[in-house]
Amino acid sequence: SLDFCQPEGGWRMDFQNFGEFLAGDRIQSSPYRLNMKVDMYCEQLCITNLGPEEVNGVSPNKLVDAIQKEYHNNWIVDDLPSASKTEDDFAGFAVLAKTRYWGGFPVGFIARDTKKAYIHNHVNIEIQYHIDEFQPGAARVVRFTVQPFSIKHNFEPIEISDYNDDDYDYNPFNVANIQHPIESCSPKIRSKKHTRYEMVYARGREPQPASGQVLFTYDVIWVENKELQWPSRWDVYLTMDNAIPDKVHWYSIVKSVSVVLVLSAIIVAVLVRNLRSYNLIATDEEGAESIEEVGWKVVHADVFRPPSFSPLLLAVCCGTGSQLLITAVMTMLLSVIGVLSPANRGSLLTSLLFFYALNGSVAGYV
């Protein structure tokens, strides 16, 4: 486990079905606080010690090692996985934003110049919602995007007793007093603005190294999306926003089919060769001269022979092939009618295993 902020009372594991267990999914609770359609500005989460400073020749701390191995955070809100939004300064002329809908967002990054690890200790949590037409006043979450930043907060830990009753900026969840904060974190600014690329990378600002005492903060941005409805919210995740061209998909399909055909041809060739040798039944004179056969050799002519009512290739494919075919058809039918939804994590793998075991009788009968 990495040294991230923990929720009050410790981590709580979500219920897992059989498919999630086999896939290795482990869903835990989060300390982040979200209120429906309530924007938040630079909310403080916690202060945590990430370990010793990164030094050449010394074994790095766990978080630096995770960043070097390109670990990612995978968050879920309303059973919707987080998309990752990143911005980059393109040749100093314009800031380009990229959004990808798979793989979560990285824990940190490695600087190109210093080769040191920096942690993303601030995130902009953008949640898009759609007003329910049939339930006035109700809203549904249709998209969840996280934009990570690395901000080196200069802070001093505080206690609740440090606040006065007359402080207008009193927040019971604050854990630190930020010195020289960025615009979104300043308590003196009444008209708050959400954290932007220009604030984080302004002159004099530095990213947060993945070591020492670190303050974690976050923004919450609620945006109404009138075009995207709740039944269609998974479409962009299933297509990965067309990040991989169709040509690549077809190339992968053709390559997989070619490998299957080549392996099948090799197996058929080996079986045909062996079956032909085993089906050579000796005549009475040859049998009298040969050494007495015992064990499985006595019945080799009955076991290793093709059936008289079907071709050899059909006989090879009938058993397990029928089982796999019916399993695939039943699973696809349930997916088409909407029973196997991607929102139900692990349901696809569970259904595949269930139908495969159920259709074992079909393979045995065939």
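The values are calculated or read from the model by the stated rules, or taken from the named source; none is laboratory data. Note that the structure is a prediction, hence the values are computed from the model and not measured. Note that we place each Cβ from the backbone using ideal geometry, even for glycine, and neighbour counts take in every protein chain shown. Keep in mind that these areas ignore ligands, DNA and RNA; they rest on the heavy atoms of the full protein, side chains included. Shrake-Rupley method; radii C 1.70, N 1.55, O 1.52, S 1.80 Å.
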**Item:** Flagged links, alpha-carbon separation over 21 Å, of 62/85; 85/193; 62/98
**Value:** 62/85; 62/98
**Debye intensity ratio in log₁₀ form over the Cα atoms of segment 9-87, taken at each q of 0.17, 0.19, 0.26 Å⁻¹** = -1.08, -1.23, -1.36
**Message:** Taking the full set of protein chains and a 1.4 angstrom probe, give the accessible area of residue 21 in square angstrom, rounded to the nearest 10.
**Reply:** 120
**For segment 23-68, with +1 on Lys and Arg beta carbons and -1 on Asp and Glu, the positive-most of 35, 64, 49 along the dipole** = 35
